[in-house]
Each structure stands twice: as C-alpha cells, then as structure tokens.
Amino acid sequence: MDPLTSAYARCRELHRAHGRTYYLATKLLPAWKRPHVHALYGFTRYADDIVDTGADLTPAERAARLDAWSAQFLAGLGGASIDDPLLPAVLDTVRKFDIDLADFDAFLRSMSMDLTVTRYRTYDDLLSYMEGSAAVIGTMMLPILGSADPAAAREPARELGLAFQLTNFIRDVGEDLDRGRIYLPLADLERFGLTPADLEAAAASGRATPSIKELVAFEVQRARLHYAAAAPGITMLERSSQSCIRAAYCVYGAILTEIEQQDYDVFTRRAVVPKRKRLLTAARCFATRSGRPVSVPGRPADPGRTPIAAALAALL
C-alpha cells in the first residue's frame, strides 16, 4: 500500500474507532467525499490524543510533541517530504479543497491551550477556546461538503461545531474532571451556587445534586441555541452532503434529549444515544428530501416559563 493510501486508511480507522456518531453519518456521503472527511477527523483526533494521552509525560513534553507534529504538517504544506502515518492524507485533502490554513492555525492553538488552561471563567472565555477546537472544524469541512453560497454557509458551519462540542462538554463533565479540566464556565457554576469541589464530589459519588442538575439544564438550553443557529446551514449544502450533516445534527442533538431523560444527571451514567435509534435516525435522514428544513433537537426553553431559561436569556 502506498503512503497516501495508507494514510487515508489510518484516518478512516481513527474515525471509525473514536467518532462513532459522525462516522455513521459520513456513510451517507458520496464515496469520493468520505476519505477527505476521515482525513480531517484523523488530523484533529491525533492532535487531541497528543494532548490527552501520555500520562507519564509532562505538559512541556506533550507540548514539544505537538509542536514537532505541527512543524511536520507545516513542512508538508511547503512541499517537504514527510514520514508520518496520517499527514499525507491531510495534506492531500488541504490541497484538493484549498482549505483555509488559518483554520488549522486556530485549531492547533486551542490544542496548545489544553496543555496549560484547565478552567474558563466566562462563556466568552470558553468560546475563545472553542473557536479553534470546534468552530473551525465546521469551516474546514465546508469546502468538502460543498455549498452554492460558502460565505452564507460559513457561520452556520461554525455554530454546528460549537453545538457539537458544547454537547460533549455537558455529557463528559466527569471524564474531563478525571483529566483535571472543567469546561463549564466558572461563572455558570457560581450562578447556581456551585464550586469545582461540588462537581468533584458529585463525580466521586456518581450522583448529581439538584443544583448541578440545574446547571446542566442551563447548559443544555445554551447548546440548543447553537443548534438553532446552525440549522439553516444544512439546506445551504450540496444536495449530496445534506443527509450526512442532517444525521450528525440529529443524533448529536439527541444526546441532549438523553441527558434530559436521565434528569440532567451526567454523573450516574454517560448519556448515549442507543445504536438502534442512531441507525433509524440515519435512515430517516437519508430518506429526507434535500432542502427540507431541519428541526432543532428538543425545544429551547421559553424565557418566560422557567428560571433556568430566564437566566440564560439574561446572558444573551
């Protein structure tokens, strides 16, 4: 197998192993688009693994590994021959679709932040991180997915990246605590009378307190605002890409519904959309005609009805 084919295969395996929801949705894309989506996923996943694995390495040593890998990527963009298991596929994809290199710079900056920043004071602070770790993933994908109006589709693509990542942050509070990180803004914790120690105690007991459930419900509603902002972008995509992103949108959004159904307790168990439901959703999205508007998962709370929604509205 030649290096380029091998690199695409490696990216596909990373995607299949770690991106269960999005990998399933990618099967709805035309076959020629899938390897390029796998390549971008492989790039982001491998960088994330450098940051999050290697518990025996210091942050400085992981930073050195990330810098060295980033330097290889940049050298490859300059035409240098590189020896790496997946970068040839990424470089090939970047060149074929003329993907904005500023998005890669922003992504790598956010990965570097994960080595030193473990908490975020405000949601604006968190958004600064998420711009590189999530929003640019949406804009990287846009040239592959295709759109008749890329300029108009860019902002919804950013919002979709933010929606997906905030969903992960809400679901994975306990796992992030194990890594020494808190991605829910400290100002939000304070709004509900909480401290990081309260989250750690809940993780240790395997049960959320009423105040933590209110915090999680608040963040779920915030995530739905991002889904609502992303929804119009799906029908801006090429017809052949709409079912894929519609499926990813619906299945990821269903994670929020699973969290609601377990009474916002993200410590009792990890919220997972059952496999049968994921498959049925993908099939339904495949059968949906292109151009049909997508429904926002769940329903954003009415600010006049609940204290949580009113608190969220006060921040907007």
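The values are calculated or read from the model by the stated rules, or taken from the named source; none is laboratory data. Everything quoted here is computed from the prediction, not taken from an experiment. Reconstructed Cβ throughout: ideal geometry from the backbone, glycine too, with neighbour counts over all protein chains shown. Ligands, DNA and RNA are stripped out before the accessible areas are found, and what is left, the full protein with its side chains, is counted by its heavy atoms. Shrake-Rupley method; radii C 1.70, N 1.55, O 1.52, S 1.80 Å.
Nearest 0.05, what FRET efficiency do L127 and E200 give at R0 = 35 Å with Cβ-Cβ as r?
0.90
Hey, any idea what Rg/Rh is for the chain, computing Rh the Kirkwood way over Cα pairs? Working shown, then result.
Numbers: Rg = 19.5 Å, Rh = 20.3 Å.
The Rg/Rh ratio comes out at 0.96.
In nanometres, what is the gap between the two model label sites at T118 and A152, each 7 Å from Cα along Cα-to-Cβ?
Spacing of the two 7 Å Cα→Cβ label points: 4.7 nm.
Enter the accessible area per residue of the chain (Å², integer; probe 1.4 Å; all protein chains in place).
45
Any idea how far the Cα center of the stretch 132-162 sits from the one of the stretch 223-302, in Å?
So the two Cα centres are separated by 17 Å.
Near the amide H of S147, under 5 Å away, which other amide H atoms are found, from residues 5 or more places off or on another chain, if H is placed in the peptide plane?
The answer is E238.
Can you give me the orientation-averaged projected area of the convex hull built on the Cα atoms of the stretch 1-118, in nm²?
8.0
How far apart, in nm, are two points set 7 Å out from the Cα along the Cα-to-Cβ line at F286 and at D2?
Inter-label distance under the simple model: 3.1 nm.
How much length, in nm to one decimal, is gained on full extension between Q72 and E13, taken as 0.36 nm per residue of separation minus their Cα-Cα distance? Working shown, then result.
Details: separation 59, 0.36 × 59 = 21.24 nm, distance 2.14 nm.
Contour length minus Cα-Cα distance gives 19.1 nm.
With +1 assigned to the C-beta of every Lys and Arg and -1 to the C-beta of every Asp and Glu, and no other charges, what is the dipole magnitude of the chain about the Cα centre in debye, to the nearest 20?
Roughly 1580 debye for the chain.
Run the reach check for K275 against lysines, Cα to Cα strictly under 30 Å, same-chain hits fewer than 8 apart removed. What comes back?
K27, K33, K213
Obtain the nm distance between the two label points defined at S211 and R239 by a simple spin-label model: each point lies 7 Å from its Cα along the Cα-to-C-beta direction.
Taking the two extended label points, one gets 5.6 nm.
Is any helix in the chain, taking whole DSSP H runs, at least 20 angstrom long along its axis by alpha carbon and on average at least 0.0 on the Kyte-Doolittle scale, and which ones?
Once both thresholds are applied, what remains is 59-77, 210-234, 239-261.
Counting only protein heavy atoms and a 1.4 Å probe, tell me what percentage of the stretch 14-122's accessible area is made up of carbon and sulfur. If you can, show how the numbers build up before the last one.
Values: 2710 of 5020 Å².
The value for the stretch 14-122 is 54 percent carbon and sulfur by accessible area.
Of the options I50, L74, C11, report the single residue whose Cα projects farthest towards the positive end of the charge dipole of the stretch 1-97 (beta-carbon charges: Lys, Arg +1; Asp, Glu -1).
C11
As an exercise, use a Förster radius of 41 Å and the Cβ-Cβ distance of Q262 and I82 to find the FRET efficiency, rounded to the nearest 0.05.
According to the calculation, E is roughly 0.35.
In the stretch 189-274, what percent of the accessible surface is made up of carbon and sulfur (1.4 Å probe, ligands and nucleic acids excluded)?
The C+S portion of the solvent-accessible surface of the stretch 189-274 is 52 percent.
Quick one: dipole size for the stretch 214-282, taken about the Cα centre, charges +1 on Lys/Arg Cβ and -1 on Asp/Glu Cβ, in debye to the nearest 20.
420
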